[in-house]
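Reading through the structure tokens given below for one structure.
The values are calculated or read from the model by the stated rules, or taken from the named source; none is laboratory data. A quick note: this is a predicted structure, and the numbers were derived from the prediction, not measured. Virtual Cβ from ideal backbone geometry, glycine too; neighbours counted across all protein chains shown. The area values use the complete protein model at the heavy-atom level, side chains included, leaving out ligands, DNA and RNA. Shrake-Rupley method; radii C 1.70, N 1.55, O 1.52, S 1.80 Å.
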Amino acid sequence: MRWVARVWGIALLLFWGAFFLEHLKWFADPRELPPLSVFALQSLHLAMLVGLVLAWRFELLGGTIVLLSS
């Protein structure tokens with residue numbers, strides 16, 4: 001079961017990572033930055049990705065970070 005969770009974690013990391021990279025375009029022009037709420041949501045999205053990476057080695061810590069940031 002641990003390896004099934006790791007494979008799913010990698011798939012989720014790739015899927016949500018693609019969304020994260022796509023949404024970074026909002027920050028490309030420093031003269032027209034998005035509202036502060038977008039910054040907050042992007043930081044939660046980044047925290048979720050970090051949690052997925054950490055879950056590879058530290059399952060409980062990574063899972064907790066993913067759950068709290070999601």
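Things to note:
- Label-point gap, in nm, between Leu24 and Leu41 - each point 7 angstrom along Cα→Cβ: 1.9
- Dipole-positive endmost among Ala55, Leu13, Val38 within the chain (Cβ charges, Cα centre): Ala55
- Residue among Ala55, Ala47, Ala18 with the largest mean-square fluctuation in a Gaussian network model of the chain, springs linking Cα atoms under 10 Å: Ala18
- Spread over its residues, the convex hull of the C-alpha atoms of the chain is 72 Å³ per residue.
- Of the solvent-accessible surface of the chain, computed with a 1.4 Å probe over protein heavy atoms with every protein chain present, carbon and sulfur atoms account for 76 percent.
- Calculated FRET value between Leu33 and Leu12, using beta carbons and R₀ = 22 Å, to 0.05: 0.20
- Rolling a 1.4 Å probe over the heavy atoms of the protein chains gives the chain an accessible area of 79 Å² per residue.
- For the chain, calculated [θ]222 nm from helices alone, where every DSSP H run of n ≥ 4 adds -39500 (n - 2.57): -25000 deg cm²/dmol
- Label-reachable residues, the range 38-70, where backbone N falls under 19 Å from a point 7 Å from Trp3's Cα toward its Cβ: 55-59
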